[in-house]
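This report refers to the structure that appears directly beneath it.
The values are calculated or read from the model by the stated rules, or taken from the named source; none is laboratory data. Only a predicted model underlies this, so the values are computations on that prediction, with no experimental measurement involved. Methodologically, a virtual Cβ is constructed for each residue, glycine included, from the backbone with ideal geometry; neighbour enumeration extends over all protein chains shown. Side chains included, ligands, DNA and RNA excluded: accessible areas come from the protein's heavy atoms. Shrake-Rupley method; radii C 1.70, N 1.55, O 1.52, S 1.80 Å.
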Amino acid sequence: MRPAPIPASLPRWPRAAFPTDLVGATTRLRSHLEGRIEADGAVRSPCHSRVLESALLMALLDRTGLEPDARARLADYLATHRDSPRRLDRLLARAALGGPTAASLVPLDVADFLAHAPDFTSARKHALLHAVLLLLGAAPTTGFPDPDAFSPHGLHAWARVQVTAVKAILAHAYGRSAAISEDDLALLRSTQHLGTPWEGNLLIHLSVLHALAPLPGQHRMVADGIRTALAHQRPDGGIPFISDEDTWVTATAAVALHTAGAPRAAMDTVAQRLLRLQHPGGWSYTERAQLADVDCTSAALEALHLADPDTHRTAIRRAIDHLMALQAPDGGFPTYLAGAPSEACMTAAAANALSTQGPIRRHALDAALDHLASQQRPDGSFAPDWSSSRHHTVFRATLAAAHRPGPPDSPARRIIRRATQLALNSQNSDGGWGQQDGDASDALSTAYALITLTGHPAPAPAARGTAYLLTQQRPDGSISSIPDSIGPRPFGFSVPALADVFTLLALGHLDHRLTPAPLTA
């Protein structure tokens with residue numbers, strides 16, 4: 001995600017074309033983000049409450065009769081979402097709170113909702129949504145899902161546990177207990193450890209508890225699991241999707257801070273934390289999880305490269321080896337496991353990491369760019385990823401291509417042209433960008449689109465986008481934005497610090513394109 005070299009053919013943009021407070025705004029944001037680096041090098045930003053997990057926990061408390069005070073706080077949180085603009089949240093909140101029958105609840109177009117998830121996850125996500133709605137008394141009219149929705153073949157550990165829990169929930173509901181094997185139950189029980197949600201994932205934790213709750217002899221385990229979940233109840237009464245994604249936030253913050261001219265000491269502090277958290281090769285989204293992923297690994301690798309490629313060469317080499325073991329024959333990269341379908345966003349992430357290695361990994365980088373070009377749609381966008389904003393994968397693919405652009409007819413040049421045209425075509429009248437066509441502008445989407453446009457010849461679109469972005473800055477330097485994180489796809493969640501991280505990254509990229517004028521200290 002670091003800036004690519006500016007080609008000699010692109011003139012520097014004049015600073016006078018941009019808001020007069022650009023340097024001051026960037027400095028305030030950089031100082032704010034630097035101030036979030038804790039003594040151990042972490043940039044922490046706990047995940048906010050989400051209706052999905054809050055509704056599941058309240059249904060579990062209603063089922064068991066446990067923790068009435070916690071239930072009351074959950075009910076208060078869900079009551080604030082009865083009229084949410086998000087249709088799924090309205091449905092889940094109203095169903096969990098009771099009152100209307102399922103037939104009178106907010107209708108949900110399941111097919112339309114799941115269209116925002118990658119095609120290869122569709123059967124699993126349909127089964128998950130079916131199970132959730134059943135637990136809340138708002139089930140769709142479909143019957144027991146196709147057994148293929150529960151196949152563990154080729155799934156990473158989180159998905160295996162999730163599909164097994166969903167299978168057990170639906171099997172109980174439809175009187176198909178024979179579909180649940182002893183191995184299934186052993187897998188579910190293995191995730192339960194008092195005080196520790198497995199892999200930091202509250203959605204999986206609560207799904208497992210619902211799967212175990214109807215079984216004889218499981219009351220103690222379920223009660224302990226409820227106490228574990230309630231340790232993460234937020235001040236607003238709700239429950240988050242995950243405990244945190246602090247490793248991801250820390251790694252991306254490091255790249256943003258370096259891009260915006262943060263001092264070496266800040267980078268060294270963060271780098272030391274990333275070194276401590278490296279698994280045999282890669283990184284996971286949080287220190288609470290063991291499963292490494294391409295996204296976090298790529299961001300952490302770039303952060304270490306920017307901090308000091310010589311000092312951190314051993315950790316960088318291990319990370320590169322980890323990524324190379326995941327590259328598919330089609331040149332793309334999956335999120336978690338070798339052999340899983342390649343994804344454009346992960347391929348762009350890995351390509352940016354590979355570009356730090358110069359000619360050593362040129363063949364792998366070229367293969368990744370070829371794959372990205374093959375997956376880019378005519379309008380410049382890509383298939384859904386881990387962000388609800390289409391501009392997320394677009395900017396990362398643009399950066400990957402800019403690190404090795406090639407001749408005018410190369411795949412990389414094609415990626416850049418299409419991505420730039422998408423950004424130009426989708427800019428809103430207020431200067432910002434929204435997540436999808438017709439959506440109101442938000443800071444995160446605008447930051448992504450601005451990075452895409454830093455390779456465009458004319459400064460005017462970027463200047464308008466920058467002006468919008470600065471209107472979203474708070475007095476303390478931080479940035480206000482709607483969330484865009486997705487997990488599991490297509491369910492959204494909120495990690496507030498990401499708006500600060502990606503806005504600073506965008507302003508740092510912008511500064512690299514402007515006529516020289518160092519940021520103030």
Report task. Filter segment 262-289 for residues that are open to solvent by less than 20 Å² (accessible area, probe 1.4 Å) and among the small types (Gly, Ala, Ser) and give the result. Result -> 262, 266, 271, 281, 282, 284, 289
Query raised in the report: Filtering segment 220-241 down to residues that are assigned to a loop (DSSP other than H, G, I, E, B) and under 17 Å from residue 201 (Cβ atoms), which residue is farthest from the chain's Cα centre (by Cα)?
Result: 231
**Report entry** Output for segment 1-20, where each listed residue is surrounded by fewer than 13 Cβ atoms within 10 Å (Cβ to Cβ) and of a type in the set (D, E, K, R)
**Finding:** 12
Query raised in the report: If you take the residues in segment 133-152 that are open to solvent by 40 Å² or more (accessible area, probe 1.4 Å) and at pLDDT 80 or above, which one is farthest from residue 108 (Cα to Cα)?
Result: 152
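Criterion first (part of a loop (DSSP other than H, G, I, E, B) and of a type in the set (A, V, I, L, M)) does residue 289 satisfy it?
yes
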**Report entry** Leading residue by the ranking (modelled with the highest pLDDT) among those in segment 424-454 that are touching a Lys or Arg at 6+ places or on another chain (Cβ under 9 Å) and acidic (Asp, Glu)
**Finding:** 430
Query - Looking only at segment 348-398, and only at residues there that are farther than 20 Å from residue 425 by Cβ and touching a Pro at 6+ places or on another chain (Cβ under 6 Å), the one that is most open to solvent (accessible area, probe 1.4 Å) - result: 370
Requested in this report: Kindly provide the set of residues from segment 21-35 that are farther than 30 Å from residue 357 by Cβ and either open to solvent by 20 Å² or more (accessible area, probe 1.4 Å) or assigned to a loop (DSSP other than H, G, I, E, B) (or both), ordered by number.
Outcome: 21, 23, 24, 28, 31, 32, 35
Report task. Take the residues in segment 478-491 that are more than 26 Å from residue 203 (Cβ to Cβ) and assigned to a loop (DSSP other than H, G, I, E, B), then tell me which one is least open to solvent (accessible area, probe 1.4 Å). Result -> 478
Query raised in the report: Taking residue 372 and the conditions (1) farther than 23 Å from residue 484 by Cβ; (2) part of a helix (DSSP H, G or I); (3) touching a residue at least 40 places away in the same chain (Cβ under 8 Å), which numbered condition does it fall short on, given that it satisfies the others?
Result: (1)
Report summary line: Only one of (1) among the hydrophobic types (A, V, I, L, M, F, W, C); (2) surrounded by fewer than 24 Cβ atoms within 10 Å (Cβ to Cβ); (3) part of a helix (DSSP H, G or I) does not apply to residue 451, and that is (2)
Query raised in the report: How many residues are at positive phi and open to solvent by 40 Å² or more (accessible area, probe 1.4 Å) when one looks only at segment 36-65?
Result: 1
Query raised in the report: Of all residues in segment 314-347, which are open to solvent by less than 10 Å² (accessible area, probe 1.4 Å), farther than 16 Å from residue 274 by Cβ and of a type in the set (Gly, Ala, Ser)?
Result: 331, 332
**Report entry** Criterion violated by residue 288 - all others in (1) within 17 Å of residue 501 (Cα to Cα); (2) touching an Asp or Glu at 6+ places or on another chain (Cβ under 9 Å); (3) in contact (Cβ under 8 Å) with a residue 60 or more places away in the chain satisfied
**Finding:** (1)
Report summary line: Flagged in segment 171-187 as at pLDDT below 95, surrounded by 15 or more Cβ atoms within 10 Å (Cβ to Cβ) and either in contact with a Gly (Cβ under 6 Å, 6 or more places away or on another chain) or in a helix (DSSP H, G or I) (or both), in numbering order, are 171, 172, 173, 179
Query raised in the report: Of everything in segment 432-448 that's farther than 17 Å from residue 509 by Cβ and not hydroxyl-bearing (Ser, Thr, Tyr), which residue is most open to solvent (accessible area, probe 1.4 Å)?
Result: 437
**Report entry** Matching residues, segment 188-204, being open to solvent by 70 Å² or more (accessible area, probe 1.4 Å) and over 25 Å from the mean Cα position of the chain (by Cα)
**Finding:** 189, 193, 194
Requested in this report: Inspect segment 159-172 for any residue being without any contact (Cβ under 8 Å) to a residue 24 or more places away in the chain and β-branched (Val, Ile, Thr) and give the result as yes or no.
Outcome: no
Query raised in the report: Which condition does residue 68 not pass, out of (1) closer than 19 Å to residue 234 by Cβ; (2) more than 22 Å from the chain's Cα centre (by Cα); (3) in contact (Cβ under 8 Å) with a residue 24 or more places away in the chain; (4) open to solvent by 60 Å² or more (accessible area, probe 1.4 Å), if it passes all the others?
Result: (3)
**Report entry** Residue list for segment 454-477, restricted to those being of a type in the set (A, V, I, L, M, F, W, C), without any contact (Cβ under 8 Å) to a residue 40 or more places away in the chain and open to solvent by less than 10 Å² (accessible area, probe 1.4 Å)
**Finding:** 469
